[in-house]
Amino acid sequence: MSSGPGADSAPAPNTHDDARTTSLKPKGGTFSSLKVRNYRLFATGQVVSNTGTWMQRIAQDWLVLSLTGSSAAVGITTALQFLPMLLFGLYGGVIADRYPKRRLLLITQLAMGLTGLALAVLTLSGHVQVWHVYLTAFALGLVTVVDNPVRQAFVVEMVGPADLRNAVSLNSANFQSARLVGPAIAGVLITAVGSGWAFLLNGLSYAAPLAGLLMMRTSELHEVEQAPRGKGQLREGLRYVAGRPDLIWPIVLVGFIGTFGFNFPIWLTAFVNDVFHAGAGTYGLLNTLMAAGSLIGALLAARRGTSRLRLLVGAAALFGLLEITAALAPTFWVFAALLVPIGMFGLTINVTANSSVQLATDQAMRGRVMSLFMMVFMGGTPLGAPLVGWVTDVYGARVGFLAGGVVSVLAASAIGFTLARAGGLRLRIDLRRGRRHVAFVPREPVPRKEELAATV
């Protein structure tokens, strides 16, 4: 790793065993990771830039809707932002495994700030057109190809494997805290002075994570194995995941959820515009309510000691059922209230899948595995968003939202039974009082399946 301020006076480098070591126990407490100086710097910078990111997301969605009047156009914008992840996501993982992650993050955070400033100049000058938004969304997506797996894999270098699950949860809490503030600020700015100022503040917000990265003591980072340059590293990563049911099935599940269940920019703009006939302030309110639920989910996840796959499957099923219920909500306030638990269970899916996959992955493979995870989770959006946008335009907001919930429930059910079968488990239903009514129990003692059964 490259040196940074304060590195000379720092203690010797940390080393640790592979992150899958089961003897490592978290230090305890919801905010235990914040005891690590480098992680505090990282988290402080991220909350500032995340606030700017949410401001830009809201302003971008509303700008596209204002320019085109089409939910499908909002879907295209979202798709273009995530298309690079689908096309090039695995290459980002190879880069993350080869090069120092802090150095890569300095580059990606600077590039992200520049895309926000470019869109701000176009909008404030009055020259913005919808293709400009498409282009900047695609450029941001290209940077994200590298930034996402690097940022995910960098967490364990800052806090070590014992606090990894806690740090992943706090990252999500950080992101959702910003989501509480960003949409509200964006709604005020859009109404008062226009979208351009939200883009400008987002671009400037990246100064905070850049400063945090530069202030880190690099000698306090935990050493991790870096993959040497070589041929066939993409195929090696895919073979590694393909041979691990405890990795591949959670990734498949979040792929379905990310592709069809997380299209909230499309659904919420459509509900606000076509069902409730409101404006940007209401759109910001709905995003804030969902963020409140997500923040609750993140803090609960930070206190949780394990990331079992049954929690992932159960959260995905409840998430889909809540989406179906919200799609049929008779009034605005019922719809708005349901967004809180939707946000909570959506965040639980993300944190549980992320931490369980990271903890089950060897150090030298973590960048490639997390790039595949993010490629499937986010890269499915270019496939799902235009389709969901078309369904929403043609059949209405309620049908579009309902379809996303149905797909999420079906995916959770199918993969839940697949994981149970692979782990040698069967579903037991016991309706007697005082008993656990629904549970997975061992089908038969099969030694090779014991490890997977323990994770389920």
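Only the coordinates and a few stated rules stand behind these numbers; no lab work does. No experiment lies behind these values; they were computed from the predicted model shown. All Cβ positions, glycine included, derive from the backbone under ideal geometry; neighbour counts span all protein chains shown.
Simple spin-label estimate for VAL275 and ALA207 gives 4.1 nm between the two label positions (7 Å along the Cα-to-Cβ direction from each Cα).
If packing is taken as the mean number of other Cβ atoms within 10 Å per residue, what is the order of 192-200, 174-182, 266-274, 349-357, highest first?
Numbers: 192-200: 20.7, 174-182: 22.2, 266-274: 23.8, 349-357: 25.7.
Highest-to-lowest ranking by the protection proxy: 349-357, 266-274, 174-182, 192-200.
Computed 3J(HN,Hα) for the range 276-281, one whole-Hz value per residue from the Karplus formula 6.51 cos²θ - 1.76 cosθ + 1.60 where θ = phi - 60°, is 9, 6, 10, x, 5, x, glycine and proline marked x. Peptides 81-91, 332-342, 212-222, 250-260 ordered by packing proxy, namely the average of other Cβ atoms within 10 Å per residue, highest first: 250-260, 81-91, 212-222, 332-342. Quick check for you: which residues of the range 269-304 have the amide N under 18 Å from the point 7 Å beyond the Cα of LEU124 toward its beta carbon? In the range 269-304, the label zone of LEU124 (backbone N under 18 Å from the point 7 Å along Cα→Cβ) covers no residue. Of the peptides 398-409, 114-125, the order by per-residue mean of other Cβ atoms within 10 Å, starting with the highest, comes out as 398-409, 114-125. For ILE251, the shell of other residues with beta-carbons less than 15 Å away shows a net charge of +3, using +1 for Lys and Arg and -1 for Asp and Glu.
Using θ = phi - 60° in the Karplus curve 6.51 cos²θ - 1.76 cosθ + 1.60, the 3J(HN,Hα) couplings for the range 136-151 round to 5, 5, 5, 4, 4, x, 4, 5, 4, 3, 8, 4, 5, x, 5, 5 Hz; x is entered for Gly and Pro.
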